[in-house]
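Single-structure report; data block below.
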Amino acid sequence: MFPSTTYASVFLVLILCFNGVSPSSTPTKIGEGYRLISIEETRDGGILGHLQVKQKNNIYGPDIPLLQLFVKHETQDRLRIHITDAEKSRWEVPYNLLPREQPPVLKQTIGRSRKNPITVQEFSGSELIFSYKADPFSFAVKRKSNGQTLFNTSSDNCDPFGEMVFKDQYLEISTKLPKDASLYGLGENTQPHGIKLYPGDPYTLYTTDISAINLNADLYGSHPVYMDLRNVNGQPSAHSVLLLNSNGMDVFYRGTSLTYKIIGGVFDFYFFSGPSPLAVVDQYTTLIGRPAPMPYWALGMFHS
């Protein structure tokens, strides 16, 4: 689906490997995250905010000091959360390759923080609700119909992950998950269990263009999307999360949390509300494009 990452990102991975640093051995908590310093509504019905790093550090390079946050309910069943450098353009999946709405143009001046900043705020759509905390910045996505939290990036002292990290060649963000959530996806690779995610298994997305003969190997494309199936008071419920990022990444699923560690690009999340698996697939392919139909002759429909 997406092209391979840049040579610079590959070089970073090689440096880590030669120094005996594997992705799984990276520190679980890097820095203190960001604080929200301004937020406003946009003319197209979204919200635009700016984030400032709380305390700089040089682990995996310097932090990007200012970030731009853009949130919009693009449809009744799709929510987008886009976070990038507020002052410089960064690599994204090309908009002419995957047509989609573009976030607001980067601003040269950053708004000042409010004297009494709002610590909790909600931005509601038809079914999905975006909420955030200002300091340290974190966000959550909830379902309006049953109150379920689908995605939650806040970090507590007892969590095995830290606050959001945004550097030139290292990005990290995590979400809490309930124990009864069943996750499927994060292709394209050869996992022994198939498409169902299991805690502790490695999930590396890095296109290598090889055959599927070996287990735990990356294949032809990168599909950083998963479907989450839950039983909520006896009722089945499905939703999906896409991180639209074509750079190499490791995704760590611990059963009660999921962490993305990426070597470039931006955070560009799309949330699809479902609530059935079929509805999730329909909403997802509405964004990325439908698969090509099979030719009739491949189904045996041909004349002798």
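Arrange D85, D63 by Cβ neighbour counts within 10 Å, fewest through most, would you?
Placing the least packed residue first, the sequence is D85, D63.
Ranked by Cβ crowding within 10 angstrom, fewest neighbours first, how are R230, R78 ordered?
Sorted ascending by nearby Cβ count, the order is R230, R78.
Compute the length gained on full extension between V232 and L299: take 0.36 nm times their separation in residues and subtract their Cα-Cα distance, giving the result in nm to one decimal. All intermediate terms of the calculation are to be shown ahead of the outcome.
On the way: separation 67, 0.36 × 67 = 24.12 nm, distance 3.92 nm.
Between V232 and L299, full extension yields 20.2 nm more.
Mind checking which aspartates and glutamates have their Cα closer than 14 Å to the Cα of K142? Skip sequence neighbours fewer than 8 apart in that chain.
Here the aspartates and glutamates satisfying the reach criterion relative to K142 are D77, E122, E127, D228.
Between D44 and D282, 0.36 nm times their residue separation minus their Cα-Cα distance comes to what?
83.2 nm
Note the full-extension length gain between K196 and K107 as 0.36 nm times their separation in residues minus their Cα-Cα distance, in nm to one decimal.
Result for the pair: 27.9 nm of gain on full extension.
Quick query: amide H of F123 versus all other amide H atoms, modeled in the peptide plane; which residues come in under 5 Å with a sequence gap of 5 or more or a different chain?
Counting only residues 5 or more places away or on other chains, the set is F130, S131.
For V241, V141, V232, V105, which order do you get if you count the other beta carbons within 10 Å of each Cβ and list the fewest first?
V105, V232, V241, V141
We did not get these values from a lab; they are worked out from the coordinates using the rules stated. Just so it is clear, the structure is predicted and the values come from calculations on it, not from any experiment. FYI the Cβ positions are ideal-geometry reconstructions off the backbone, even for glycines, and counts take in every protein chain you see.
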